[in-house]
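See structure below.
The values are calculated or read from the model by the stated rules, or taken from the named source; none is laboratory data. Since this is a predicted model, take the numbers as computed values, not measurements. With ideal geometry, Cβ positions are generated from the backbone for all residues, glycine too; neighbour counts draw on all protein chains shown.
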Amino acid sequence: MKKDHLNTEHFDLWQTIREETEAAAAAEPMLASFLHQTVLRHESLDSVLAYHLSSKLSSAIMDARALFEIYQQALCCDPQISRCVERDLKAIYERDPACDEYSLPLLYFKGFHAIQAHRINHWLYQNDRKTLAYFLQNRMSEVFGTDIHPAARFGHGIMLDHATGFVAGETAVLGNNISILHGVTLGGSGKESGDRHPKIGDGVMIGAGASILGNIKIGENAKIGAGSVVVADVPSAITVVGVPARPVGRSLKVPSADMNQNIEILHLDFVI
């Protein structure tokens, strides 16, 4: 059962992660060295993240020490990345029934790792280090099974569940508090250049295997059913399903927080 940390006035996320990790090391001595290297010897969540990502994404071309320094630089120069990291961790803890500790996504969930690696890639891209950002995008795709263009813009409170097969194009924009399942594509349509990828509003949930194509807008609190192909704007608080996707109901709650995969068919007085 999850502990109710989020309503505690003096809740300390980093301290909670350390306590969880200490308990895990005591419970499983075979992993004590791993848990010490990845969490317990570090003095901050930023340091843990930089170490963990650099360990996973290092290669014969780019060693872990060099990557660790790059990631530390990004986290130091842009404190907003760290704030987003914390909100992403809390989002997963709140929404994923399989996550009963904050340390689990940090250590083991590749969807969380992919989002945080992208945040640093985006910082590199915005700071005229595009070659390195592209290199690390390619490395991310090999390790995490995701393909996120470093120019794509992501808000906070994003949960990428399972992650495998997630694609986000160059001009894709994600708002805040969004939940995305595996196999989702935020892609372009046709050969046009320029602004050609979806814009996803706050509170949206995108089901597994859904494709959202073109420079279209998905309104706040919309729900995209699993396997749907969306090629037109979706109004706020509307549920769409099918190929091509059609509106079938209204979202009565915040879908990204509710994570309810059921589709309630309601009468609507418009089409898209």
Original post:
Of all the residues that make up segment 27-53, how many are in contact with a helix residue (DSSP H, G or I) (Cβ under 8 Å, 6 or more places away or on another chain) and part of a helix (DSSP H, G or I)?
Top reply: 17
**OP:** List the helices (runs of 4 or more DSSP H) that sit entirely inside segment 66-181 and contain at least 1 residues that are of a type in the set (Val, Ile, Thr).
**Re:** 79-95, 110-126, 130-144
Original post:
Does ALA257 qualify as being assigned to a loop (DSSP other than H, G, I, E, B) and of a type in the set (A, V, I, L, M, F, W, C)?
Top reply: no
Subject >> Count of segment 125-168 residues which are under 17 Å from the mean Cα position of the chain (by Cα) and within 22 Å of GLN80 (Cα to Cα) >> reply: 17
Original post:
Can you name the residue in segment 1-41 that is among the β-branched types (Val, Ile, Thr) and either closer than 13 Å to TYR102 by Cα or modelled with pLDDT under 95 (or both) and, of all such residues, is nearest to the chain's Cα centre (by Cα)?
Top reply: ILE17
Original post:
With respect to SER44, is the statement that it is over 29 Å from CYS77 (Cβ atoms), out of contact with any Asp or Glu (no Cβ under 7 Å at 6 or more places or on another chain), hydroxyl-bearing (Ser, Thr, Tyr) and modelled with pLDDT of 95 or more true?
Top reply: no
Original post:
Across segment 62-86, what is the number of residues that are surrounded by fewer than 17 Cβ atoms within 10 Å (Cβ to Cβ) and in contact (Cβ under 8 Å) with a residue 60 or more places away in the chain?
Top reply: 3
Original post:
Out of (1) surrounded by fewer than 21 Cβ atoms within 10 Å (Cβ to Cβ); (2) farther than 15 Å from GLN261 by Cα; (3) more than 13 Å from the chain's Cα centre (by Cα), the odd one out for ILE218 is which?
Top reply: (1)
